[in-house]
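S.K.: Before anything else, here's the structure in question.
The values are calculated or read from the model by the stated rules, or taken from the named source; none is laboratory data. Predicted, not measured: the structure shown is a model, and the values here were computed from it. Note that each Cβ is placed from the backbone with ideal geometry, even for glycine, and that neighbours are counted across all protein chains shown. Side chains are part of the model used for accessible areas, which takes the heavy atoms of the whole protein and leaves out ligands, DNA and RNA. Shrake-Rupley method; radii C 1.70, N 1.55, O 1.52, S 1.80 Å.
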Amino acid sequence: MPSELRMIPLLPLLSAAYLILFGRRHSRESVHRIACLAVGAAFLVSADVFFFWFPILYQSNGLTDLVGTWLASGDLQVDLALRMDALSGLMCLMVTFVGTLIHIYSTGYLAHEQDYARFFAYLNLFCGAMLLLVLGDSLPVMFVGWEGVGLCSYLLIGFWYGEAANASAGKKAFITNRVGDLGFLIGMFLLFRAVGTLDIPVLVDTARAGSPSLTAALWWGQPVAFWAALFLFMGAVGKSAQIPLYVWLPDAMAGPTPVSALIHAATMVTAGVYMVARLGALYLLAPVALAIVAGVGALTALFAAVIALGQNDFKKVLAYSTISQLGFMFVGVGTGNFAGGIFHLFTHAFFKAGLFLCAGSVMHAMAGSGDITRMGGLAQKLPFTTWVFRVCWLAICGVPIFSGFFSKDAIVAGAFATEVFGPRLHWVGPTLGAGLLVAALGTAFYMSRLYCLVFTGECRADLDTRAHLHESPFAMVGPLLVLGLGALLAGVMGLPPALSRSHGDLIGRWLATALGRQPEVSRALQWRVMATSALIALAGIGLAWRFFGGGVREPARRFTAAWPHFTAAVRGKFFIDEIYDWLVVRPLRGLSRVFFLVVDRILIDKLLVGGWTVLVDTAGRLLRLVQVGDVQRYLAIFAIGLAALVYVMARPVAPSEVKVRIEGRSATVDLTEGKAAVDKLEYGFDFDGDGREDRVGAAANANWLYPRPGHYQLRIRIKDPRWNTSRTIARTIDIP
Amino acid sequence: MTIAAAQIVALSPLLMITGVGCLALLLDTMAKGRAPALWLAQLGCVAALLAVANQWMGSGSSQPIWSGMLIVDRMALFLDGVLIIAALATLLVAAPFMREHEFEHGEHYALVLFATAGGMTVVHATHLLSLLIGIETMSLAAYLLVASWRRQPAGAEGALKYLLLGAFAAGFLVYGTALVYGTTGGEMSYAGIAARAARAADNPLFIMGAYFLLTGMLFKIAAVPFHMWAPDAYEGAPTPVTGLMASGIKVAAVGGLVRLLGSAFANPGLALGHAGWVRVLGGIAFATMTWGNLAALRQENVKRMLAYSSIAHAGYLMIGLVALGQKVDGAQPALLVYLAAYAATTLGVFTVVAWVGRRDDERLLIRDWAGMARTRPAVALAMTVLLLSLAGVPPTGGFFGKFYVFRAAMQSPDLAWLVVAAVLNSLVSVYYYLRIVVAMYFRDPVRPWQPFPSVGMAIVLFVTVVVVLALGVVPRPVVELAAGGLVTHW
């Protein structure tokens, strides 16, 4: 087995460690050379392994690289193992390829940044963690990557921590993700309890076999698989920014734009989709969980698309667009169409990273401002950026030929055709499909609005900015062109079989072993969906052109005037942040204040700390009496301690329990506490309190028949004959 | 008594350390300067370590030596390794320390080796006489080491107290040996005592003998109420010697106790019951950790605080001994893991304490450490990691050591209270360990820092921090070694 698999995450991780420790000593050139080389090498290694072993990869469970045993505790054994199969291989290639491009782009984008080494160290660390997440062969290893990317996301969102808004955006992302991660952990625990292992291949095989350990009912009549799937999905909801935990992603745009492109569009946020696809067999066991996944996805796709209509910040529009597109992917995996979801993840990585990098390029030209109401007519000034943007824009709108068209169709057609929900929930699939078509209309509209307002018409920027408009340096334009090419062509990986019998659905065939059964889509349905979605894309673009072509036009103004409340709600993002603030943040803050005042100030500071001080002072004073330093006193303590020890040891211990059972006039006393005696003790029982021992011997139990009812004094003497020490216990006995 | 070549080979680490100690003493009188003796001692340690590794690879079974006076088995070899590494670290730190403070003696290096040889004898001992010889060899060397900084009155005072009380404790050891000898019909080997223990346990004199022996050993690990010497001796000793006392000598004494209690006095009639040492040791463990932690809370002198911390750790260690008496599986390997982690941590901590001071300015008060993170960020970071390990915070070796010992103890329902008390105690201990961290990171320096360069100290500090972190992240190799196996992973 190829042990070079471990090199893939290790290269960027090592580079990150080196840059954190010694980055400051190097010049900018060496810093970005090291960083880009590390990721580039990781890409080359992934490509080498992937293509060299390709036949094995897609026909089998893939290649495993066992680094060693990581944890072994009781029944839990976790190996630090990496596995590359068709799915993780594809993800690996995508992450390292896009990662390399964005590293190169960053060298241009952050050319004037002071903290150059820190940025590249974090970016490398991110790539390493993401690759660990993708390649991890067990859930704990995946979780390390999962947390690692979360950490990097936090570090990079708050990269310019000097501004409070950025720092708090980082915190928001981190804390929101923590909520989801709790679900991930619970899901992991449930799986471990049910199956006894956390190795992904074993889990998948167990699930495919329909093992009773997973199908047994757990709570409310739902099987273990349902609850585990649901809790794991909670983690995915956090990481992939779905309702209700999506709120962190728009704020995450506070980070540098390459970070938004890499982490918050192409790679990290798709981790949830990847995880669901990876554990697809588990989800297939629980149709209700699948329906929840798909439902949340569709709802998010629609909701975020609506919010995106009213945003005026370039990156915010793209952020909501990402949330919406992630919703599409979740509908894909949630309808059992795992290959479709992954296909869209793949094409999305190209066109969304491209869009973000265009945004970066535009903002670079606009002196850092992302306000699209102050842009317009940039097509002439930024020719390369505009062309790449056009390709990516058409791709996300779903215009035929462009990659997004095919991947979106794969999801929509899969939703219409799916049978995973069973007869009782058969209506779910078509409903979701229809919802997605509406969301697609919204997508085409808001993306075209963005294009129109930024690139067409007259420039609305002030004179000073207008004078400095310029195309970005080659380090930025180069990666852009590559991504644009990808956005154009990535669709060939998943052409619908209706179009090409021999080369159709390549990606589905590659992933067949890794992901299992996929929904069958009839040729007629494929044609119908293609036609509808092409029409919808064109309709959306046309409508947007009428509203915004060359600037805000009359119909747009009329619309705003006719629907003032709706427009305000959309602009205000439906006030979800404010609602959360009222529902969650403020109560928590209030509670923490109460805790601070009551627990911290009074309980801990006053009572505990104060109490300790008094106690320790007293103890200290007492200790000082003995620890004065003269040897005589030390010796005395020594001797007294030894004497006390002998005294304690030589006296029999009173049994913790004296069992007295009364039956009629007979009383039975038992001191054995159910244990065999170790010490050879002697017991004397005086049942009637007359001073004479009625039973004497080595037995720790005795019984006695009382002549008449009454109130008696029971005395038991326990003697250790070795030391001739004894102890007496007394009880009263009532004989009825 | 026959001395076969195989036995000499089996005992080669101990013989090497002893022999090199003698040679170093000789060399010091003949050679110019102190460096040759130091180099010889260090080389001897390395060679002895190789010999230990050789023995480990060589045979898996235990081997009695000299008619059962000593034994060579996996536990002894494991502890040999720890002791020799502790000696090597002490040598590396002591040389620059003594040069800085201008009291370098060549005998010092030989004495470190003699103390180590005594400690190794203790962990190999399967006979009361060899135990006594080991303990005394170790102690005599330690008394001298404590007193070696002649300009320091505190050193002389600490050494004198240590000597007087140590002599008293040695009396108990000898008297206990006599009582056991008398009541078992002339047995002094552990196996012989164990064979007669069932009958002898009815005899109060035998029990007293056992307890006298126990007392003598508890004195060495500084268990309450036999700990009184420790704060004075620890504070007065030159700091590298304090490190050796807190790591090597404690490791040896605990190793000796594991052998004594685990074989000679393992009989249930002696271990359990109201007169059994399990009950008594449980109480002492509780008293020791609580007393140690409470007393450490208000110390202003770092060395003295660490002395009390070391007393508290003796308490945690005794929980493992109690679990051993309850015949819990895995109590012994757990103790060994704890000892390894604790020794590494302690050596690192005292290296930092030795390193912060300059001539005539030892910087031993916590407030002297204020602002260290600014001038010596790496050292402050290392110290923080080591202190967290002492407090038992993951991912450090200290955490895993505690975890294994407590887990072993939890298998016996009678010990749950002790584990709860120990966890609460660890919680309290965080307070005083963090006081140092707070001083280093959050206080403004009151006096300027003038660090002195030292490669030896840097090496020891780096290695101990790496070991402590490695033990916390991948404890498996050491756990496997402690269980007597060969490392098969990594």
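S.K.: What number of residues in region A:514-546 are over 30 Å from A:PRO55 (Cα atoms) and either open to solvent by less than 40 Å² (accessible area, probe 1.4 Å) or not assigned by TED's automatic domain parsing to the domain that holds A:SER88 (or both)?
M.R.: Going through region A:514-546 one residue at a time, the tally reaches 11.
S.K.: Let me ask something else. Being in contact with a helix residue (DSSP H, G or I) (Cβ under 7 Å, 6 or more places away or on another chain), of a type outside the set (Phe, Trp, Tyr) and open to solvent by 10 Å² or more (accessible area, probe 1.4 Å): is that true of A:VAL399 here?
M.R.: yes
S.K.: If you don't mind, there's one more thing I want to ask. When you scan region B:43-56, do you find a residue that is within 20 Å of B:VAL455 (Cα to Cα), in a helix (DSSP H, G or I) and in contact (Cβ under 8 Å) with a residue 60 or more places away in the chain, even just one?
M.R.: Going through region B:43-56, the residues within 20 Å of B:VAL455 (Cα to Cα) turn out to be B:43-46.
With the extra rule that they be in a helix (DSSP H, G or I), the set shrinks to B:43-46.
Going one step further and asking which of them are in contact (Cβ under 8 Å) with a residue 60 or more places away in the chain, we end up with B:44-45.
Scanning region B:43-56, I find at least one residue that is within 20 Å of B:VAL455 (Cα to Cα), in a helix (DSSP H, G or I) and in contact (Cβ under 8 Å) with a residue 60 or more places away in the chain, so the answer is yes.
S.K.: Something else about it: Checking A:GLY542 against (1) in contact with a Ser or Thr (Cβ under 9 Å, 6 or more places away or on another chain); (2) in contact (Cβ under 8 Å) with a residue 40 or more places away in the chain, only one condition comes out false. Which one?
M.R.: Every condition holds for A:GLY542 apart from (2).
S.K.: Does region B:74-81 include one or more residues that are among the basic types (Lys, Arg) and either open to solvent by less than 10 Å² (accessible area, probe 1.4 Å) or within 29 Å of B:THR239 (Cβ to Cβ) (or both)? Explain how you work it out, then say what you get.
M.R.: Going through region B:74-81, the residues among the basic types (Lys, Arg) turn out to be B:74.
Among the residues that remain, those that are also either open to solvent by less than 10 Å² (accessible area, probe 1.4 Å) or within 29 Å of B:THR239 (Cβ to Cβ) (or both) are: none.
Checked against the condition, which is being among the basic types (Lys, Arg) and either open to solvent by less than 10 Å² (accessible area, probe 1.4 Å) or within 29 Å of B:THR239 (Cβ to Cβ) (or both), region B:74-81 yields no hits at all.
S.K.: Out of the residues in region A:18-58 that are small (Gly, Ala, Ser) and touching a residue at least 40 places away in the same chain (Cβ under 8 Å), state the one that is farthest from A:ALA514 (Cα to Cα).
M.R.: Checking each candidate, the answer is A:GLY23.
S.K.: Considering only helices (runs of 4 or more DSSP H) fully contained in region A:163-219, which possess at least 1 residues that are within 12 Å of the chain's Cα centre (by Cα) and more than 27 Å from A:GLY68 (Cα to Cα)? Even if it seems obvious, please write down each step before you answer.
M.R.: Details: elements: A:164-195, A:200-208, A:212-215.
Helices (runs of 4 or more DSSP H) meeting the threshold: A:164-195.
S.K.: What is the residue count in region B:156-186 for residues that are within 14 Å of chain A (Cβ to nearest Cβ), of a type outside the set (Lys, Arg) and either touching a Leu at 6+ places or on another chain (Cβ under 8 Å) or open to solvent by less than 20 Å² (accessible area, probe 1.4 Å) (or both)?
M.R.: Here the count works out to 14.
S.K.: Scan B:SER426, B:SER454 and give me the residue that is open to solvent by less than 40 Å² (accessible area, probe 1.4 Å) and under 24 Å from the mean Cα position of the chain (by Cα).
M.R.: After ruling out the rest, the residue left standing is B:SER426.
S.K.: So, one more: Step by step: first the residues of region A:456-513, then only those that are of a type in the set (D, E, K, R) and in a loop (DSSP other than H, G, I, E, B), then the one that is most open to solvent (accessible area, probe 1.4 Å). Which residue is that?
M.R.: Here the answer is A:ARG501.
S.K.: Checking A:SER369 against (1) in a loop (DSSP other than H, G, I, E, B); (2) open to solvent by less than 30 Å² (accessible area, probe 1.4 Å); (3) of a type in the set (S, T, N, Q), which test does it fail?
M.R.: (2)
S.K.: Which fully enclosed strands (runs of 3 or more DSSP E) of region A:640-703 have 2 or more residues being of a type in the set (Gly, Ala, Ser)?
M.R.: Result: A:666-670.
S.K.: A further question on this structure: Which count do you get for residues in region A:220-256 that are closer than 27 Å to A:GLU163 by Cβ and in a helix (DSSP H, G or I)?
M.R.: Final tally of qualifying residues: 9.
S.K.: Which residue out of A:PHE406, A:PHE384, A:PHE416 is surrounded by fewer than 24 Cβ atoms within 10 Å (Cβ to Cβ), under 31 Å from the mean Cα position of the chain (by Cα) and not in a loop (DSSP other than H, G, I, E, B)?
M.R.: A:PHE416
S.K.: Sticking with this structure for a sec: Can you list the helices (runs of 4 or more DSSP H) lying wholly within region A:43-141 that have 1 or more residues being open to solvent by less than 10 Å² (accessible area, probe 1.4 Å) and closer than 24 Å to B:VAL473 by Cβ? Before the answer, list the steps.
M.R.: Details: elements: A:54-59, A:86-109, A:116-135.
It comes to A:116-135.
S.K.: Determine if region A:149-164 includes at least one residue that is closer than 22 Å to A:ALA261 by Cβ and among the acidic types (Asp, Glu).
M.R.: Within region A:149-164, one or more residues are closer than 22 Å to A:ALA261 by Cβ and among the acidic types (Asp, Glu).
S.K.: Can you tell me which residue within region B:248-273, out of those that are out of contact with any Asp or Glu (no Cβ under 6 Å at 6 or more places or on another chain) and within 13 Å of chain A (Cβ to nearest Cβ), is nearest to B:LEU317 (Cα to Cα)?
M.R.: By that ranking, first place goes to B:ALA271.
S.K.: Same structure again: Can you tell me which of (1) out of contact with any Leu (no Cβ under 6 Å at 6 or more places or on another chain); (2) open to solvent by 10 Å² or more (accessible area, probe 1.4 Å) is the one B:LEU144 doesn't meet?
M.R.: (1)
S.K.: Could you grab me the full set of residues in region B:201-247 that are charged (D, E, K, R) and facing chain A (nearest Cβ under 9 Å)?
M.R.: Listed by number, the residues that qualify are B:ASP202, B:ASP232.
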